[in-house]
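Right, one structure below, let's go through it.
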Amino acid sequence: MSDQVSETLQSILEEDLDLSADNVTESSLLVNDLGMDSVAFAIGVVAIEERLGVQLTEREIYNSTTVGDLEGVIRGKLSSVAQ
C-alpha cells in the first residue's frame, strides 16, 4: 500500500478501528481475519466518507470481503467523481 487511498484506508483501519498494522494486508478478510462487525463497518464508512470524500452504500461495504475489495470500491467511486 503506497498511495493516498491505500495510506488513508490503512490509517482508518489502524486508528479508527484499532486494528494492528501487522494484521492488515490487501488480502485480509474484513470479517474473518480482522474481526470487523457491523459497528466497525459503520465507523469505517463514516471515516471513509469524511477522509476520502466518497459515499459508500451498505451493499458496497458488505460485498467487500477483503481490504483490497474495499480499496477497489473506494477507487471506483473516486474515479467516477473525477470524471
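Taken together, the values in this text are just the output of simple stated rules run on the coordinates, not laboratory data. Note that the structure is a prediction, hence the values are computed from the model and not measured.
Listed values, structure above:
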read-out	value
Stokes-Einstein D (µm²/s) once Rh is taken as the Kirkwood radius of the chain over alpha-carbon pairs, at 10 °C in 1.306 mPa s	126
Percentage relative contact order, the chain, counting C-alpha pairs under 8 Å, at least six apart	34
Degrees, to the nearest 10: 38-52 long Cα axis against longest axis of the chain	40
